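The values are calculated or read from the model by the stated rules, or taken from the named source; none is laboratory data. These numbers were taken from a predicted model, which means no experiment stands behind them. Here the Cβ is made from the backbone with ideal geometry for all residues, glycine too, and neighbour counts use every protein chain on show.
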Amino acid sequence: MKKKVFFKTFGCRTNLYDSQVMMSSLKEYEITEDESQADVIVVNSCTVTNGADSNVRSYIGHVEKNGGAKIFLTGCGAHTKGEKLLLEKRVHGVFGQSEKEKIDLLLAQEKPFYNPGDLNHIDASVVDDFIGKSRAFIKIQEGCDFRCSYCIIPFVRGDARSMDESRIVEQISRLALNGFGEFILTGTNVGSYGQGSQTSLAKLMKRISQIRGVRRIRVGSVEPIQIGDEFKEILHEPWLEKHLHIALQHTSPTMLKLMNRRNVYKQDRELFEFLHDKGFAIGTDFITGHPGESEALWREAMQNTQALPLTHLHAFTYSKRDGTKSAIMKPEVNGKVASERLHELEAVIQNKNFEFRKAFRGELEVLIESQKDGLYYGHDQHFNTVLVQSEDDLIGNWINISNYEARGDCNYAQF
(Lines give C-alpha, C1' and ligand atoms only; values in the text may rest on other atoms or scores of the structure.)
Protein backbone atom coordinates (compact mmCIF):
# COMPACT_ATOMS: atom_id res chain seq x y z
CA MET A 1 0.00 0.00 0.00
CA LYS A 2 1.31 3.44 -0.94
CA LYS A 3 2.07 5.89 1.83
CA LYS A 4 -0.21 8.92 2.00
CA VAL A 5 1.06 12.50 1.63
CA PHE A 6 -0.68 15.66 2.82
CA PHE A 7 0.40 19.05 1.45
CA LYS A 8 0.06 22.08 3.71
CA THR A 9 0.52 25.29 1.72
CA PHE A 10 1.19 28.71 3.23
CA GLY A 11 1.45 32.07 1.52
CA CYS A 12 0.93 33.20 -2.03
CA ARG A 13 -0.54 31.73 -5.20
CA THR A 14 2.96 30.88 -6.39
CA ASN A 15 3.18 28.44 -3.49
CA LEU A 16 -0.24 27.04 -4.40
CA TYR A 17 1.08 26.38 -7.88
CA ASP A 18 4.28 24.81 -6.57
CA SER A 19 2.22 22.47 -4.39
CA GLN A 20 0.24 21.38 -7.44
CA VAL A 21 3.50 20.69 -9.29
CA MET A 22 4.59 18.43 -6.43
CA MET A 23 1.23 16.65 -6.41
CA SER A 24 1.42 16.10 -10.16
CA SER A 25 4.97 14.76 -9.85
CA LEU A 26 4.11 12.18 -7.17
CA LYS A 27 4.15 8.61 -8.48
CA GLU A 28 5.12 6.43 -5.51
CA TYR A 29 2.80 8.03 -2.97
CA GLU A 30 -0.92 8.66 -2.59
CA ILE A 31 -2.22 12.20 -2.02
CA THR A 32 -4.65 12.72 0.83
CA GLU A 33 -6.66 15.84 1.69
CA ASP A 34 -7.15 14.50 5.22
CA GLU A 35 -4.19 15.51 7.36
CA SER A 36 -4.99 12.89 10.01
CA GLN A 37 -4.52 10.11 7.45
CA ALA A 38 -1.07 11.26 6.30
CA ASP A 39 2.14 9.29 6.74
CA VAL A 40 4.09 12.23 5.29
CA ILE A 41 3.35 15.98 5.45
CA VAL A 42 4.99 18.42 3.07
CA VAL A 43 4.95 21.98 4.41
CA ASN A 44 5.21 24.52 1.59
CA SER A 45 6.23 27.54 3.62
CA CYS A 46 6.07 31.32 3.38
CA THR A 47 8.63 33.66 4.92
CA VAL A 48 7.43 37.09 3.77
CA THR A 49 6.85 38.23 7.37
CA ASN A 50 7.82 37.11 10.88
CA GLY A 51 4.17 36.18 11.29
CA ALA A 52 4.42 33.85 8.30
CA ASP A 53 7.43 32.13 9.87
CA SER A 54 5.55 31.81 13.17
CA ASN A 55 2.56 30.24 11.44
CA VAL A 56 4.79 27.61 9.84
CA ARG A 57 6.53 26.79 13.12
CA SER A 58 3.17 26.64 14.89
CA TYR A 59 1.82 24.23 12.30
CA ILE A 60 4.87 21.98 12.63
CA GLY A 61 4.28 21.96 16.39
CA HIS A 62 0.66 20.96 15.77
CA VAL A 63 1.79 18.01 13.62
CA GLU A 64 4.35 16.93 16.22
CA LYS A 65 1.65 16.79 18.89
CA ASN A 66 -0.90 14.94 16.79
CA GLY A 67 0.87 11.96 15.33
CA GLY A 68 3.94 10.46 13.81
CA ALA A 69 3.80 11.89 10.30
CA LYS A 70 7.22 12.57 8.80
CA ILE A 71 7.59 16.32 8.02
CA PHE A 72 9.37 17.86 5.03
CA LEU A 73 9.82 21.61 4.56
CA THR A 74 9.95 23.46 1.24
CA GLY A 75 8.97 26.92 -0.04
CA CYS A 76 10.59 30.26 0.80
CA GLY A 77 11.04 29.32 4.45
CA ALA A 78 13.39 26.53 3.41
CA HIS A 79 16.02 29.17 2.68
CA THR A 80 15.57 31.22 5.85
CA LYS A 81 14.54 28.74 8.56
CA GLY A 82 15.18 25.33 7.02
CA GLU A 83 18.61 24.61 8.47
CA LYS A 84 17.55 25.59 11.98
CA LEU A 85 14.42 23.44 11.89
CA LEU A 86 16.50 20.53 10.60
CA LEU A 87 19.10 20.95 13.38
CA GLU A 88 16.27 21.04 15.90
CA LYS A 89 15.06 17.72 14.39
CA ARG A 90 11.64 19.20 13.82
CA VAL A 91 11.66 18.25 10.14
CA HIS A 92 13.12 15.24 8.36
CA GLY A 93 14.13 17.01 5.18
CA VAL A 94 14.38 20.50 3.68
CA PHE A 95 14.38 21.25 -0.05
CA GLY A 96 14.15 24.39 -2.18
CA GLN A 97 11.57 25.19 -4.84
CA SER A 98 13.89 24.08 -7.64
CA GLU A 99 13.84 20.50 -6.31
CA LYS A 100 10.07 20.00 -6.15
CA GLU A 101 9.82 17.90 -9.32
CA LYS A 102 12.05 15.29 -7.59
CA ILE A 103 9.45 14.89 -4.84
CA ASP A 104 9.35 11.06 -5.00
CA LEU A 105 13.11 10.76 -4.47
CA LEU A 106 13.15 13.39 -1.72
CA LEU A 107 10.36 11.80 0.31
CA ALA A 108 12.05 8.41 0.03
CA GLN A 109 15.31 9.57 1.63
CA GLU A 110 15.82 7.82 4.95
CA LYS A 111 18.50 10.16 6.27
CA PRO A 112 17.71 13.79 7.21
CA PHE A 113 18.82 16.20 4.49
CA TYR A 114 19.09 19.86 3.50
CA ASN A 115 18.90 20.56 -0.24
CA PRO A 116 18.19 24.27 -0.93
CA GLY A 117 18.64 23.85 -4.70
CA ASP A 118 19.35 26.93 -6.80
CA LEU A 119 17.69 30.27 -7.47
CA ASN A 120 17.98 30.16 -11.27
CA HIS A 121 15.60 27.26 -11.80
CA ILE A 122 12.68 27.52 -14.24
CA ASP A 123 9.86 25.00 -13.97
CA ALA A 124 9.56 22.44 -16.74
CA SER A 125 6.47 20.67 -15.38
CA VAL A 126 3.06 20.77 -16.99
CA VAL A 127 0.16 20.52 -14.52
CA ASP A 128 -2.96 18.72 -15.79
CA ASP A 129 -5.23 19.29 -12.81
CA PHE A 130 -5.66 21.37 -9.66
CA ILE A 131 -6.81 19.14 -6.85
CA GLY A 132 -9.69 20.65 -4.90
CA LYS A 133 -9.82 23.84 -7.00
CA SER A 134 -12.33 25.36 -9.43
CA ARG A 135 -9.80 27.85 -10.80
CA ALA A 136 -6.32 27.11 -12.10
CA PHE A 137 -3.22 28.95 -10.90
CA ILE A 138 -0.56 29.26 -13.59
CA LYS A 139 2.96 30.30 -12.62
CA ILE A 140 4.40 32.30 -15.51
CA GLN A 141 7.57 33.64 -13.92
CA GLU A 142 9.80 33.35 -10.90
CA GLY A 143 11.91 35.83 -8.94
CA CYS A 144 12.12 39.62 -8.77
CA ASP A 145 14.64 42.27 -9.85
CA PHE A 146 13.16 44.92 -7.55
CA ARG A 147 14.97 45.55 -4.30
CA CYS A 148 12.36 47.06 -2.01
CA SER A 149 14.06 47.84 1.28
CA TYR A 150 11.72 45.69 3.41
CA CYS A 151 11.53 42.59 1.21
CA ILE A 152 13.36 39.26 1.64
CA ILE A 153 11.70 37.53 -1.34
CA PRO A 154 14.35 38.27 -4.05
CA PHE A 155 16.89 36.57 -1.79
CA VAL A 156 14.81 33.38 -1.49
CA ARG A 157 13.30 33.33 -5.00
CA GLY A 158 16.14 34.81 -7.05
CA ASP A 159 16.10 37.33 -9.90
CA ALA A 160 13.22 37.58 -12.35
CA ARG A 161 13.01 34.90 -15.02
CA SER A 162 10.12 33.86 -17.24
CA MET A 163 8.61 30.48 -18.01
CA ASP A 164 8.61 29.30 -21.61
CA GLU A 165 5.50 30.67 -23.35
CA SER A 166 4.78 27.49 -25.29
CA ARG A 167 4.86 25.45 -22.08
CA ILE A 168 2.43 27.88 -20.42
CA VAL A 169 0.09 27.57 -23.41
CA GLU A 170 0.38 23.76 -23.36
CA GLN A 171 -0.47 23.69 -19.68
CA ILE A 172 -3.52 25.92 -20.02
CA SER A 173 -4.71 23.95 -23.05
CA ARG A 174 -4.65 20.74 -21.03
CA LEU A 175 -6.39 22.32 -18.07
CA ALA A 176 -9.07 23.83 -20.33
CA LEU A 177 -9.73 20.35 -21.75
CA ASN A 178 -10.15 19.17 -18.15
CA GLY A 179 -12.90 21.72 -17.57
CA PHE A 180 -11.10 24.73 -16.13
CA GLY A 181 -12.28 28.06 -17.48
CA GLU A 182 -10.66 30.64 -15.18
CA PHE A 183 -6.90 31.04 -15.03
CA ILE A 184 -4.94 33.12 -12.55
CA LEU A 185 -1.48 34.09 -13.77
CA THR A 186 0.89 34.17 -10.86
CA GLY A 187 4.56 34.58 -10.02
CA THR A 188 6.88 36.57 -7.79
CA ASN A 189 6.64 39.67 -10.00
CA VAL A 190 4.08 38.81 -12.69
CA GLY A 191 4.35 42.08 -14.58
CA SER A 192 8.00 41.40 -15.39
CA TYR A 193 7.03 38.45 -17.60
CA GLY A 194 8.97 38.44 -20.88
CA GLN A 195 11.45 41.16 -19.94
CA GLY A 196 14.55 41.00 -22.11
CA SER A 197 12.74 38.99 -24.78
CA GLN A 198 10.27 39.55 -27.59
CA THR A 199 7.19 38.81 -25.51
CA SER A 200 5.33 40.44 -22.61
CA LEU A 201 2.50 39.85 -20.16
CA ALA A 202 -0.02 41.44 -22.53
CA LYS A 203 1.16 39.32 -25.48
CA LEU A 204 0.99 36.19 -23.35
CA MET A 205 -2.57 36.92 -22.25
CA LYS A 206 -3.68 37.51 -25.83
CA ARG A 207 -2.30 34.13 -26.81
CA ILE A 208 -3.91 32.42 -23.80
CA SER A 209 -7.28 33.99 -24.65
CA GLN A 210 -7.28 32.17 -27.99
CA ILE A 211 -7.23 28.75 -26.30
CA ARG A 212 -10.57 27.03 -26.54
CA GLY A 213 -12.28 26.85 -23.17
CA VAL A 214 -10.57 29.87 -21.62
CA ARG A 215 -13.28 32.09 -20.23
CA ARG A 216 -11.59 34.43 -17.78
CA ILE A 217 -7.98 35.44 -17.15
CA ARG A 218 -6.95 37.04 -13.90
CA VAL A 219 -3.55 38.57 -13.26
CA GLY A 220 -1.73 38.36 -9.96
CA SER A 221 -0.19 41.45 -8.40
CA VAL A 222 1.53 43.81 -10.85
CA GLU A 223 3.47 47.03 -10.34
CA PRO A 224 2.06 50.40 -11.47
CA ILE A 225 4.94 50.94 -13.90
CA GLN A 226 4.05 47.63 -15.58
CA ILE A 227 0.65 48.90 -16.75
CA GLY A 228 1.94 50.46 -19.97
CA ASP A 229 0.35 51.25 -23.32
CA GLU A 230 0.49 47.63 -24.51
CA PHE A 231 -1.34 46.44 -21.40
CA LYS A 232 -3.91 49.22 -21.68
CA GLU A 233 -4.81 47.97 -25.16
CA ILE A 234 -6.31 44.77 -23.71
CA LEU A 235 -8.39 46.39 -20.97
CA HIS A 236 -11.55 46.15 -23.10
CA GLU A 237 -11.18 42.42 -23.77
CA PRO A 238 -14.10 40.35 -22.37
CA TRP A 239 -11.77 37.60 -21.12
CA LEU A 240 -9.80 39.94 -18.84
CA GLU A 241 -11.18 39.99 -15.31
CA LYS A 242 -12.46 43.44 -14.38
CA HIS A 243 -10.19 43.49 -11.37
CA LEU A 244 -6.52 44.39 -11.21
CA HIS A 245 -4.30 44.07 -8.17
CA ILE A 246 -1.63 46.76 -8.38
CA ALA A 247 0.96 46.91 -5.61
CA LEU A 248 1.51 50.34 -4.06
CA GLN A 249 2.74 49.40 -0.54
CA HIS A 250 2.20 53.02 0.56
CA THR A 251 0.75 56.33 -0.61
CA SER A 252 3.11 58.76 1.12
CA PRO A 253 5.86 59.90 -1.31
CA THR A 254 8.34 60.07 1.57
CA MET A 255 7.54 56.51 2.65
CA LEU A 256 7.78 55.22 -0.91
CA LYS A 257 11.34 56.55 -1.08
CA LEU A 258 12.24 54.96 2.26
CA MET A 259 10.84 51.67 1.00
CA ASN A 260 12.89 51.98 -2.22
CA ARG A 261 9.72 51.67 -4.27
CA ARG A 262 9.57 52.51 -7.97
CA ASN A 263 6.05 53.93 -7.98
CA VAL A 264 5.13 57.61 -7.57
CA TYR A 265 1.85 58.52 -5.85
CA LYS A 266 0.79 61.20 -8.36
CA GLN A 267 1.22 58.76 -11.24
CA ASP A 268 -0.45 55.99 -9.25
CA ARG A 269 -3.53 58.14 -8.75
CA GLU A 270 -3.75 58.98 -12.45
CA LEU A 271 -3.47 55.29 -13.35
CA PHE A 272 -6.09 54.21 -10.81
CA GLU A 273 -8.54 56.86 -11.95
CA PHE A 274 -8.01 55.76 -15.56
CA LEU A 275 -8.72 52.12 -14.67
CA HIS A 276 -11.72 53.06 -12.53
CA ASP A 277 -13.22 54.93 -15.48
CA LYS A 278 -12.80 51.71 -17.49
CA GLY A 279 -14.97 49.88 -14.94
CA PHE A 280 -12.21 48.05 -13.07
CA ALA A 281 -12.20 47.12 -9.42
CA ILE A 282 -8.71 47.82 -8.07
CA GLY A 283 -6.84 46.12 -5.26
CA THR A 284 -3.49 46.94 -3.74
CA ASP A 285 -0.84 45.84 -1.24
CA PHE A 286 -0.03 48.10 1.70
CA ILE A 287 2.38 47.96 4.65
CA THR A 288 1.65 49.90 7.83
CA GLY A 289 4.21 50.69 10.51
CA HIS A 290 7.34 50.61 8.35
CA PRO A 291 10.26 52.38 10.10
CA GLY A 292 10.02 56.13 9.61
CA GLU A 293 6.21 56.19 9.29
CA SER A 294 5.48 59.16 11.53
CA GLU A 295 1.97 60.23 12.49
CA ALA A 296 2.17 63.09 9.99
CA LEU A 297 3.22 60.77 7.16
CA TRP A 298 0.45 58.33 8.11
CA ARG A 299 -2.18 61.07 7.99
CA GLU A 300 -0.84 62.09 4.57
CA ALA A 301 -1.05 58.48 3.43
CA MET A 302 -4.65 58.14 4.61
CA GLN A 303 -5.64 61.34 2.84
CA ASN A 304 -4.03 60.08 -0.36
CA THR A 305 -5.61 56.65 0.02
CA GLN A 306 -9.06 58.21 0.46
CA ALA A 307 -8.59 59.86 -2.92
CA LEU A 308 -7.90 56.55 -4.70
CA PRO A 309 -10.71 54.44 -6.22
CA LEU A 310 -9.64 51.29 -4.38
CA THR A 311 -11.93 48.30 -3.79
CA HIS A 312 -9.68 45.52 -2.46
CA LEU A 313 -6.79 45.39 -0.03
CA HIS A 314 -4.01 43.02 0.96
CA ALA A 315 -2.35 44.79 3.87
CA PHE A 316 -0.24 43.83 6.84
CA THR A 317 1.84 45.47 9.52
CA TYR A 318 5.56 45.82 8.91
CA SER A 319 7.60 42.80 9.96
CA LYS A 320 11.38 43.07 10.31
CA ARG A 321 13.31 40.67 8.08
CA ASP A 322 17.00 40.16 8.87
CA GLY A 323 19.23 41.01 5.91
CA THR A 324 16.99 43.76 4.51
CA LYS A 325 17.73 47.50 4.60
CA SER A 326 14.53 48.27 6.50
CA ALA A 327 15.66 46.03 9.37
CA ILE A 328 18.18 48.65 10.52
CA MET A 329 16.07 51.76 9.82
CA LYS A 330 14.98 54.09 12.60
CA PRO A 331 12.74 55.18 14.14
CA GLU A 332 10.71 52.01 14.53
CA VAL A 333 6.93 52.18 14.83
CA ASN A 334 5.22 50.68 17.86
CA GLY A 335 3.44 47.43 16.95
CA LYS A 336 0.16 48.54 18.50
CA VAL A 337 0.25 51.76 16.47
CA ALA A 338 0.97 49.78 13.28
CA SER A 339 -2.02 47.52 14.00
CA GLU A 340 -4.31 50.49 14.65
CA ARG A 341 -3.25 52.01 11.34
CA LEU A 342 -3.91 48.70 9.59
CA HIS A 343 -7.44 48.52 10.96
CA GLU A 344 -8.10 52.14 9.97
CA LEU A 345 -6.96 51.41 6.44
CA GLU A 346 -9.00 48.20 6.21
CA ALA A 347 -12.16 50.00 7.29
CA VAL A 348 -11.68 52.64 4.58
CA ILE A 349 -11.22 50.10 1.78
CA GLN A 350 -14.05 47.92 3.03
CA ASN A 351 -16.38 50.90 2.77
CA LYS A 352 -15.05 51.74 -0.71
CA ASN A 353 -15.72 48.15 -1.79
CA PHE A 354 -19.29 48.31 -0.48
CA GLU A 355 -19.92 51.56 -2.34
CA PHE A 356 -18.47 50.06 -5.54
CA ARG A 357 -20.77 47.04 -5.32
CA LYS A 358 -23.82 49.17 -4.60
CA ALA A 359 -23.08 51.45 -7.56
CA PHE A 360 -22.60 48.61 -10.06
CA ARG A 361 -25.79 47.92 -12.00
CA GLY A 362 -24.62 45.29 -14.44
CA GLU A 363 -24.84 41.52 -14.49
CA LEU A 364 -22.53 39.48 -12.29
CA GLU A 365 -20.56 36.71 -14.01
CA VAL A 366 -19.85 34.20 -11.26
CA LEU A 367 -17.79 31.02 -11.07
CA ILE A 368 -19.16 28.92 -8.20
CA GLU A 369 -16.23 27.45 -6.26
CA SER A 370 -17.57 25.91 -3.07
CA GLN A 371 -20.56 25.26 -0.83
CA LYS A 372 -20.96 25.83 2.89
CA ASP A 373 -23.94 25.92 5.24
CA GLY A 374 -26.41 25.64 2.37
CA LEU A 375 -24.92 28.53 0.39
CA TYR A 376 -22.74 28.49 -2.72
CA TYR A 377 -19.63 30.68 -2.80
CA GLY A 378 -18.03 32.21 -5.86
CA HIS A 379 -16.36 35.31 -7.25
CA ASP A 380 -17.68 37.71 -9.86
CA GLN A 381 -15.73 39.55 -12.57
CA HIS A 382 -14.67 42.20 -10.02
CA PHE A 383 -13.25 39.56 -7.67
CA ASN A 384 -16.00 40.19 -5.16
CA THR A 385 -17.41 37.30 -3.17
CA VAL A 386 -20.93 36.25 -4.13
CA LEU A 387 -23.13 34.03 -1.95
CA VAL A 388 -25.85 32.18 -3.85
CA GLN A 389 -28.82 30.28 -2.49
CA SER A 390 -30.01 27.60 -4.90
CA GLU A 391 -31.69 24.20 -4.98
CA ASP A 392 -29.44 23.16 -7.88
CA ASP A 393 -25.90 21.81 -7.63
CA LEU A 394 -23.83 24.77 -8.83
CA ILE A 395 -20.28 23.70 -7.92
CA GLY A 396 -17.92 24.48 -10.80
CA ASN A 397 -20.62 26.21 -12.84
CA TRP A 398 -20.58 29.65 -14.38
CA ILE A 399 -23.77 31.59 -13.71
CA ASN A 400 -24.97 35.09 -14.65
CA ILE A 401 -26.88 36.95 -11.96
CA SER A 402 -29.00 40.03 -12.61
CA ASN A 403 -30.83 40.34 -9.30
CA TYR A 404 -28.61 40.52 -6.23
CA GLU A 405 -28.15 42.44 -3.01
CA ALA A 406 -24.98 44.23 -1.99
CA ARG A 407 -24.36 43.31 1.64
CA GLY A 408 -21.60 44.40 4.01
CA ASP A 409 -18.80 42.18 2.75
CA CYS A 410 -20.29 40.32 -0.23
CA ASN A 411 -23.08 40.19 -2.81
CA TYR A 412 -26.03 37.87 -2.18
CA ALA A 413 -28.44 36.31 -4.66
CA GLN A 414 -30.98 33.54 -5.12
CA PHE A 415 -30.64 31.49 -8.26
**Residue list for region 276-301, filter: within 24 Å of the chain's Cα centre (by Cα) and under 21 Å from THR317 (Cα atoms)** = ILE282, GLY283, THR284, ASP285, PHE286, ILE287, THR288, GLY289, HIS290
**Asked** If you check THR385 against the conditions, is it closer than 20 Å to ALA281 by Cβ, modelled with pLDDT of 95 or more and not assigned by TED's automatic domain parsing to the domain that holds ASP268?
**Response** yes
**Request:** Scan region 86-106 and give yes if some residue there is closer than 23 Å to GLU233 by Cβ, under 23 Å from the mean Cα position of the chain (by Cα) and at pLDDT 90 or above, otherwise no.
**Result:** no
**Asked** Pick from LYS203, LYS232, LYS242: which is in contact with a Gly (Cβ under 9 Å, 6 or more places away or on another chain) and more than 29 Å from HIS343 (Cα to Cα)?
**Response** LYS203
**Item:** Unmet requirement for ASN50, which otherwise passes all of (1) crowded, with 19+ Cβ neighbours inside 10 Å; (2) within 20 Å of GLY323 (Cα to Cα); (3) touching a residue at least 60 places away in the same chain (Cβ under 8 Å)
**Value:** (1)
**Request:** State which residue is nearest to PHE155 (Cα to Cα) when the search covers only region 10-47 and only residues that are among the polar types (S, T, N, Q) and buried (at least 20 other Cβ atoms within 10 Å of the Cβ).
**Result:** THR47
**Asked** In region 55-66, is there at least one residue being modelled with pLDDT under 90, crowded, with 20+ Cβ neighbours inside 10 Å, more than 25 Å from ARG218 (Cα to Cα) and not assigned by TED's automatic domain parsing to the domain that holds VAL222?
**Response** yes
**Request:** Please name all residue pairs, on different chains or six or more residues apart, with Cβ atoms under 9 Å, provided the first residue is in region 255-274 and is over 12 Å from LEU308 (Cβ atoms) and the second residue is basic (Lys, Arg) and surrounded by 20 or more Cβ atoms within 10 Å (Cβ to Cβ).
**Result:** MET255/ARG261
**Request:** Those residues that are out of contact with any helix residue (DSSP H, G or I) (no Cβ under 8 Å at 6 or more places or on another chain) and over 14 Å from LEU345 (Cα atoms), I need them from region 296-325; list them, please.
**Result:** ALA296, ASP322, THR324, LYS325
**Request:** At least 3 residues that are buried (at least 16 other Cβ atoms within 10 Å of the Cβ) and among the hydrophobic types (A, V, I, L, M, F, W, C) in each: list the strands (runs of 3 or more DSSP E) lying fully within region 315-413 that qualify.
**Result:** 364-372, 385-389
**strands (runs of 3 or more DSSP E) wholly inside region 172-272 that include at least 2 residues being surrounded by 21 or more Cβ atoms within 10 Å (Cβ to Cβ) and assigned by TED's automatic domain parsing to the domain that holds LEU342** = 182-186, 216-219
**Asked** Going by the structure shown, is SER294 touching a residue at least 60 places away in the same chain (Cβ under 8 Å) and within 28 Å of GLY51 (Cα to Cα)?
**Response** no
**Asked** Are there any pairs with C-beta distances below 6 angstrom linking a residue in region 60-78 that is under 21 Å from GLU110 (Cα atoms) to a residue that is surrounded by fewer than 20 Cβ atoms within 10 Å (Cβ to Cβ) and among the basic types (Lys, Arg), with the two at least 6 apart or on different chains, and if so which?
**Response** ILE60/ARG90
